[in-house]
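Note sheet for the following structure.
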Amino acid sequence: MSFVVGLTGGIGSGKTTVSHLFAELGAAIVDTDVIAHELTSKHGAAMPAIQSAFGSAVLQEDGSLDRAAMRRLCFSDPAERRRLEAVLHPLIRAESVARCRRADHAPYVMLVVPLLVESSAYRRQVDRVLVVDCDEAQQIARVMARSALDEADVRSVMATQADRAERLAAADDVLPNAGGRGELQMAVLSLHRRYLDLAERRAGVTRS
Ligand code: ADP
């Protein structure tokens, strides 16, 4: 089994950006948001269960999930959100485990999980927790710049996530993302070297 680093952080903290930088350096990336997207796309493995749980009102014409309709439903009713999670989470987790196993060609795996700190199952799945960190104002500004969400929308997502202090308390490593991309790249390179070293040592222990 590969050495697995769990990458997490609040919405807009920079997880996707950071995962791309690690990928450029040779890490294998398993992103649970990407898996969730695939599961809920046209012919996605979760769609039959979603249709039977929620009906056709949350489906697009091509059979993929109507994300805007689902988001509205989940934010207006927490019970609906739990129902969706009960369908999706086990599928996402099973797929993430399978992809981490298949990634043994890479020196280590970066498993991107927005709610890693909140999930004991994912915490058991990873060898180390890396938290991308920036302050709340930056999270909100970045998400608003990249999407149609307004500040209240972003805050309502943030309210469903662990707060900054809880995430930092769970971190083995912290990657500050308050500055520019150049700074971020340097910090990623330094962590990459550390993970190569840790993965190599773990492989040595497993071999001996
Ligand atoms: P997350 O995956 O955690 O939600 P993203 O990686 O998508 O966050 O980053 C949110 C937005 O902020 C994106 O549009 C991204 O391009 C931008 N961004 C992230 N980090 C930086 C940075 N250091 N400098 C400038 N823009 C950034």
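No lab work stands behind these numbers, since they all come straight from the coordinates. On a predicted model such as this, the values are computed, not experimentally measured, just so you know. Cβ atoms come from the backbone with ideal geometry, glycine included; neighbour counts cover every protein chain shown.
From zero up to wherever the largest Cα-Cα distance of the stretch 34-105 sits, split into 10 Å bins and tell me the percent of pairs in each.
All Cα pairs, binned at 10 Å, distribute as 20, 51, 22, 7, 1 percent.
First select every other residue whose beta carbon is under 15 angstrom from the beta carbon of Asp104; then total the charges, Lys and Arg +1, Asp and Glu -1.
+3
Return one number: the angle in degrees, 0 to 90 and rounded to the nearest 10, between the long axis of the Cα atoms of helix 67-76 and the longest principal axis of the Cα atoms of the chain.
Between the helix axis and the principal axis of the chain, the angle is about 80 degrees.
So what's the convex hull volume per residue for the Cα atoms of the stretch 1-55, in Å³?
So the per-residue Cα hull volume is 135 Å³.
Subtract the Cα-Cα distance of Lys42 and Glu151 from 0.36 nm times their separation in residues, and report this length gain in nm to one decimal.
Full extension from Lys42 to Glu151 adds 36.2 nm.
Using the Kirkwood radius over Cα pairs, work out the Stokes-Einstein diffusion coefficient for the stretch 11-130 at 37 °C and 0.692 mPa s, in µm²/s as a whole number.
211 µm²/s
Output needed for the chain: three equivalent-ellipsoid semi-axes, defined as square roots of 5 times the C-alpha gyration tensor eigenvalues, in descending order, whole Å.
Computed over the chain, the values are 30, 22, 14 Å.
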